[in-house]
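The values are calculated or read from the model by the stated rules, or taken from the named source; none is laboratory data. Remember, predicted model here, so these are calculated numbers, not experimental data. So basically every Cβ, Gly included, is an ideal-geometry build from the backbone, and we count neighbours across all protein chains shown.
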Amino acid sequence: MGKVKQAYQDFLEGDRSVWTEDPSILPAPPPWQRANLHRFGSRFSRGLAYAEFAHRMQERKGSDVPYIGHLLGVASIVIDHGGTEDEAIGALLHDAAEDQGGEARLADIHREFGEEVSAIVAGCSDSLEADPTRKQHWPKRKGAYLAHLAKDPNNSVVFVSAADKAHNLRSMLADYRVVGEDLWTRFTAGRTGSIRYYRSLLAIYEKPRLDPRIKAVAAGIRDTLTLLESACDVASDPELRDGTGLTPS
């Protein structure tokens with residue numbers, strides 16, 4: 001086995017020392033970077049592989065884009081805002097239980113990655129029904145999720161949830177600029193319900209909290225939502241111009 005390949009195998013098995021101790025494999029970083037080097041280890045690598053496998057047959061709504069792109073986008077936002085390894089893994093797996101197996105999937109995630117990651121996944125799921133046909137109807141399901149999120153004391157759950165919605169809105173805005181009003185045919189709630197839902201989520205993310213990371217992600221959500229509302233001219237829509245959101249249930 002080649003030197004680099006063996007080092008990568010050691011990395012996956014938990015031994016990451018060679019990547020900084022042997023400059024022929026990877027040059028040592030400058031001293032001011034060493035404190036934060038390799039914050040993530042083989043658990044994150046396993047989380048990435050798990051996410052890719054769980055969602056391997058799934059695509060983003062209304063497109064042929066592999067779903068893993070969204071999961072990587074959410075994880076990127078979490079990492080960029082100082083997320084821990086558990087939070088980054090939770091970001092990769094945040095839709096695994098909701099979309100790919102329900103309670104059984106959540107139990108497997110708990111076995112593989114522990115309590116903190118499974119709590120994030122559970123907290124970011126609006127349903128744990130394995131059978132999509134048995135999920136509650138959209139308004140009731142989303143209303144219940146808003147009520148749950150507003151009361152959840154786990155900042156990691158709210159942080160990852162905010163990163164998820166931030167990435168969703170970025171994608172929606174980009175797609176709207178391409179397909180226009182046809183975008184809303186992808187969503188059960190259409191334009192009115194979707195925008196009201198994101199307004200309600202933003203109100204939750206902007207509540208005073210001790211975690212400044214949530215506030216930072218929420219600022220990005222507000223900016224993107226403002227651009228989306230402007231692009232689709234909600235000011236001229238009597239159902240949306242009052243600025244209200246969905247009512248938690």
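Okay, here's what the table says:
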{"quantity": "Residue match in the range 182-194 (condition: out of contact with any strand residue (DSSP E or B) (no Cβ under 8 Å at 6 or more places or on another chain), among the charged types (D, E, K, R) and in a loop (DSSP other than H, G, I, E, B))", "calculated": "no"}
{"quantity": "Residue that is modelled with the highest pLDDT [pool: residues in the range 228-249 that are farther than 17 Å from Ala203 by Cα and of a type outside the set (S, T, N, Q)]", "calculated": "Ala231"}
{"quantity": "Among residues of the range 51-86, those that are among the hydroxyl-bearing types (Ser, Thr, Tyr) and either surrounded by fewer than 14 Cβ atoms within 10 Å (Cβ to Cβ) or farther than 20 Å from Arg39 by Cα (or both), counted", "calculated": "2"}
{"quantity": "Test: residue in the range 93-108 that is of a type in the set (Lys, Arg), surrounded by fewer than 16 Cβ atoms within 10 Å (Cβ to Cβ) and farther than 17 Å from Val158 by Cβ", "calculated": "no"}
{"quantity": "Complete set of residues in the range 129-142 that are surrounded by fewer than 19 Cβ atoms within 10 Å (Cβ to Cβ) and either closer than 15 Å to Ser200 by Cβ or at pLDDT 95 or above (or both)", "calculated": "Trp138, Pro139, Lys140, Arg141"}
{"quantity": "Residue identified as part of a helix (DSSP H, G or I), touching a residue at least 24 places away in the same chain (Cβ under 8 Å) and not basic (Lys, Arg) among Leu106, Leu92", "calculated": "Leu92"}
{"quantity": "Selection status of Ile120, of a type in the set (Val, Ile, Thr), farther than 24 Å from Arg199 by Cα and within 18 Å of the chain's Cα centre (by Cα)", "calculated": "no"}
{"quantity": "The range 153-189: number of residues that are surrounded by 15 or more Cβ atoms within 10 Å (Cβ to Cβ) and either without any contact (Cβ under 8 Å) to a residue 24 or more places away in the chain or acidic (Asp, Glu) (or both)", "calculated": "3"}
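Yes/no per residue for (1) β-branched (Val, Ile, Thr); (2) at pLDDT 95 or above; (3) not in a helix (DSSP H, G or I):
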residue	(1), (2), (3)
Glu112	no, yes, no
Ile120	yes, yes, no
Ser125	no, yes, yes
Val158	yes, yes, no
His167	no, yes, no
Ala174	no, yes, no
Leu201	no, yes, no
Ile204	yes, yes, no
Lys207	no, no, yes
